[in-house]
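The values are calculated or read from the model by the stated rules, or taken from the named source; none is laboratory data. Nothing here was measured: the structure is a model prediction, and the numbers come from that model. Neighbour counts are summed over all protein chains in view; Cβ atoms, including those assigned to glycine, are modelled from backbone coordinates with ideal geometry. For accessibility, only protein heavy atoms count, side chains too; no ligands or nucleic acids. Shrake-Rupley method; radii C 1.70, N 1.55, O 1.52, S 1.80 Å.
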Amino acid sequence: MAGAKNGESSSLLHKEDEETLRKLKAYQPWAFFVTFGGYFMAHFSRKCYSTVKQQLEGIAGYSPLILSEMDTVFMGTYAAGNIISGKLGDTFNPTTVLAIGLFGSGTCLFLINISLWFDFLSLSLYLGNFFIIAVYFMFGFFQSTGGPVGTAVMGNWFCDKKSIESRGLIFGLWTCHQYCGDVTAAICTALVLGAGLPYWWALFIPATTNIGWGILTLKLIADPADVGIITPEVAIRMEKLKAKQAESGSAAVDEGPAPISYAAALRIPMVAQYAFAFGFFKLTNYVLFFWLPYFLGKHFDPVTANLIASLYSVGMMPGGIIVGYVSDLFGGRRASVIGTFMVCLFVFLFVFSLKSEELNAVALLVMLCIMGILVGGPNNIITSAVAADLASHPSVRGNNKSLGTVTGLINGCGSITASIGLLAVGPLQEAFGWGSVWLFLMGCTFVGTALMGTKIYDELFPAPEGYSEVEANLAV
C-alpha cells in the first residue's frame, strides 16, 4: 500500500515537473524576443546619432569639440550606469527598469530634436551646447539598462537543464542585438537622407520606436516565479526556507530573494578578474572600432577605408555565436575558449605591428574579419553567458537577484577601464607610430588573458570529483 502511494506521489511530481518545463519553454521565445528588441533599440538609437554627426556639425552648427564632449560624457555615464542599472534590476522589477531605460532614451532623442527644431544654438551658444550635452549625459544612463537587466531576465527564463547546457549558443545569438541595431541605424539614416527628408528624422524615428518598445516591455514577465513556475532556483530557495523554519521552529515567510550587494557580488569567485579582463578586451575592441577608419584612411581612399573597416564589425556578429557554441561543446569551459581566441588575436596583432602599413586591401579584409570574430566572441560572451555562469555559483544559488548586479559590474568596470585606456592611443601613434598602438593592444590582450589564468587552469586541470574546496585549501 505504501509502495503504491509512493509511486502515485512520484508520478504526480513528475507530471508537475513536466508542466513547469512546458510553461517555461513556452514563454522563453517571447522573453528572448522582447529583451533582444530592447537592446536592439538601445543600439539603434545610439548609432543613429553617430550617423548624423556630419549634419549636426554642418547644418545644426555644433562644433567638433562639442560632439567629442558628447561622446566622452556618454561613455562616462554609460559605464557608471551599467553598475547602477544592474543593481536596480536586482532590487526592483526588471521589466520596469528596462522600460524606463527605453522611455528615457526615446525622450532624450526627442529633446535633441526639439533643440534642433527651435535652433537653441541661435538663441544662445551656451544654452545650445549645455542643453545637448546635458541631454546626452542622461542618455548614457538610460542606455545602460539593456545589458545587465536584459541579461538578468534572460537568465531567469533560460534556467532549465537543456538551456543551461546550451547557454553559450543562446546568449551568443542573443548578443547579435547590438549589431542588428547598428546596421538598422545605418540603413535608417541612409533611407532618410536618400529620400531627401530632414536629417533629424534619423533621430525622431528611433525616439518613437524606443518609446513603443518600452510599452511592449512593460508587459514582459521578468521572473517565472511571478506566475507560479517553480524553477530550480525557486526550489532551492524553498528548501532553504523549510530548513530555516525547522531550525527556528517559527513560521518563516518567503519574501523572495534579497538582492545581492556589490561586495557580495565581487566575492563570487572570478567576478573581479573577469571585470578587469573584460576592460582590456573591450579596450582592444574600442581602439579597433574607433580608430580603424582613421588608420586605413591614411593608406586608402575614404570609401575603401570604410569598407575594409566595416569587415571588422561584420566579423564580430558571428564571434559570440562561435565562442558560445564551442564552449557549450566543451562543457561550458568558456575561459579556455576565450583564452584560445585571445592567443590567436595576439598573433594577428603581432603581424599588424610589423606589416600593417604594407598589407594590401584583400589581406586587410580577411585579417580584420577574422579579428572581428576573435574580439567580438569573448566580448559578447563575457557579459552574457559567463556572467550567467558566475551568478549561478553555489554561494548564491537560490538567489536569482544577482545576475543583473554581476553583469553590471563586469560591463561597467570594463567600460571604465576601456575609456581610460583609449586616452593612450592618440599620444602613442603620434609619438611612435601605429606599430606602437598594435604593441599596446598586444599588451592589453596578454593582461586580460592572464587575469583569467586561474580559471583557465581550473578548466583544463579540474580537481578530482568529490575534492572539496576545503581539501584544496588544506593541500596548498
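Annotations
- Members of the stretch 15-39 found to be farther than 17 Å from L220 by Cβ and open to solvent by less than 70 Å² (accessible area, probe 1.4 Å), listed by number: T20
- Residue in the stretch 458-467 that is over 18 Å from S336 (Cα atoms) and either at pLDDT 90 or above or touching a Lys or Arg at 6+ places or on another chain (Cβ under 8 Å) (or both) present: no
- For the stretch 304-346, filtered to residues that are among the polar types (S, T, N, Q) and closer than 13 Å to P378 by Cβ, the residue that is least open to solvent (accessible area, probe 1.4 Å) is S327.
Matching residues to (1) closer than 27 Å to L423 by Cβ; (2) within 18 Å of the chain's Cα centre (by Cα):
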position: L283; (1), (2): yes, yes
position: F295; (1), (2): yes, no
position: A305; (1), (2): yes, no
position: M317; (1), (2): no, yes
position: L354; (1), (2): yes, no
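- Being over 24 Å from S419 (Cα atoms) and either open to solvent by 10 Å² or more (accessible area, probe 1.4 Å) or not polar (S, T, N, Q) (or both) holds for only one residue in F141, F110, and it is F110.
- Residues satisfying the stated conditions in the stretch 79-97, i.e. open to solvent by 10 Å² or more (accessible area, probe 1.4 Å), of a type in the set (A, V, I, L, M, F, W, C) and assigned to a helix (DSSP H, G or I): A80, I83, I84, L88, V97
- Search result, residues across the stretch 357-371 that are at pLDDT below 90 and open to solvent by 10 Å² or more (accessible area, probe 1.4 Å): E357, E358, L359, N360, A361, V362, A363, L365, V366, M367, C369
- Candidates G61, G101, filtered to the one that is outside any helix (DSSP H, G or I) and out of contact with any Cys (no Cβ under 8 Å at 6 or more places or on another chain): G61
- Flag for A264 being open to solvent by less than 40 Å² (accessible area, probe 1.4 Å) and under 19 Å from I381 (Cα atoms): no
- Only one of G76, G61 that is open to solvent by 10 Å² or more (accessible area, probe 1.4 Å) and on the phi > 0 side of the Ramachandran plot: G61
- From the options L374, L390, residue that is closer than 25 Å to H177 by Cβ, in contact with a Cys (Cβ under 8 Å, 6 or more places away or on another chain), open to solvent by 10 Å² or more (accessible area, probe 1.4 Å) and part of a helix (DSSP H, G or I): L374
- If you go through the stretch 321-346 and pick out every residue that is assigned to a helix (DSSP H, G or I), over 21 Å from A450 (Cα atoms) and not aliphatic (A, V, I, L, M), you end up with 2.
- Of all residues assigned to the stretch 439-449, at least one qualifies as being within 18 Å of R333 (Cβ to Cβ), open to solvent by less than 50 Å² (accessible area, probe 1.4 Å) and assigned to a helix (DSSP H, G or I).
- Remark: pairs (first residue in the stretch 286-300, closer than 13 Å to W434 by Cα; second residue part of a loop (DSSP other than H, G, I, E, B); Cβ separation under 7 Å; 6+ apart in sequence or on different chains) = H299/E357.
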